[in-house]
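What follows is a set of notes on a single structure, which appears directly below.
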Amino acid sequence: MRRSYKLVRLLEKDIDPDPMVQFRIWLGEAAEGELPDWMEINAMTLSTSDGGGCVTSRIVLLKGLDDNKFWFYTNYASQKAKQMQANPTVSLCFLWQHIQRQVRVEGTVEKASREQSASYFHKRPRDSQLGALVSQQSSVIASREVMEKNLEALKVQYAEAEIPCPDDWGGYCVSPHQVEFWQGRESRLHDRLRYRKEGSQWIIERLSP
Ligand SMILES: Cc1cc2nc3c(=O)[nH]c(=O)nc-3n(C[C@H](O)[C@H](O)[C@H](O)COP(=O)(O)O)c2cc1C
């Protein structure tokens, strides 16, 4: 269970002064080469918390980087959505094990506009659209059978029609105020460069591994 990290170095002289530019470079590098089918390099751990100090984490998929924000889509009545409503400060964490890298983001989350959510919803495969319609995400349900029956009923209902974007489904974007790039190195002396926003400036600092 002990792996040695010796692929590359992460040096101050090699990074972009803008963390979003640097993130795009790393995302691109994570996608390079022959990757196994199951690997989703846009998977990220989203951690949210309520006002009372309860923290929860789960994986969601990064769906865009427009406006220098991290975009994802989910159910607006889910546990994560309730927590983001209570506390808009969230954290994202990407793990790209095949290149021995991690990126951590801390930022403030906002809902996407209805137009943007609907536009993205209609680009999804029909099965995913129906899935979003049928799922009362994070709520307790009687059984899988009940859910599947509801899905069959919706398939019939919308057989000939456009599936509407549910009111309780849509996007969020995270505006980062801190982004840390981690590169695995030998002897556990990993490289960690953290961008911290001060006003409109990004300050880059090296952290001890
Ligand atoms: C690889 C992977 C990708 C996922 N992508 C999403 C996603 O983009 N949006 C989403 O709502 N849930 C996604 N999920 C499911 C979430 O991890 C989670 O189960 C769900 O959003 C409910 O979370 P909550 O009850 O904490 O709100 C994904 C799960 C995995 C394993």
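The values are calculated or read from the model by the stated rules, or taken from the named source; none is laboratory data. Just so you know, these numbers come straight off a predicted model, no measurement behind them. Because the Cβ atoms are built from the backbone with ideal geometry, glycine has one as well, and the counts that use them run over all protein chains shown. All accessible areas refer to the heavy atoms of the entire protein, side chains included, with ligands and DNA or RNA removed. Shrake-Rupley method; radii C 1.70, N 1.55, O 1.52, S 1.80 Å.
The table for this structure:
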| item | result |
| --- | --- |
| Accessible area of the chain divided out per residue, in Å², using a probe of 1.4 angstrom | 59 Å² |
| Residue-level accessible surface for Ser57, protein heavy atoms, 1.4 Å, Å² | 80 Å² |
| Dipole axis of the chain (+1 Lys, Arg; -1 Asp, Glu on Cβ), positive-most option in Leu193, Leu62, Cys93 | Leu193 |
| Area accessible to solvent at Trp182, 1.4 Å probe radius, in Å² | 50 Å² |
| Helix axis angle, 114-123 relative to the chain longest principal axis, alpha carbon, degrees | 80 degrees |
| The stretch 90-209: relative contact order as a whole-number percent, Cα under 8 Å and 6+ apart | 29 percent |
| Accessible area (Å², 1.4 Å probe, nearest 10) - Phe23 | 0 Å² |
| Total lysine pairs whose alpha carbons fall under 24 Å of each other in the chain (8 or more apart, or interchain) | 17 |
| With every protein chain in place, the chain: carbon and sulfur % of accessible area (1.4 Å) | 49 percent |
| Computed over the stretch 1-125: relative contact order in percent, which uses C-alpha pairs under 8 Å that are six or more apart | 20 percent |
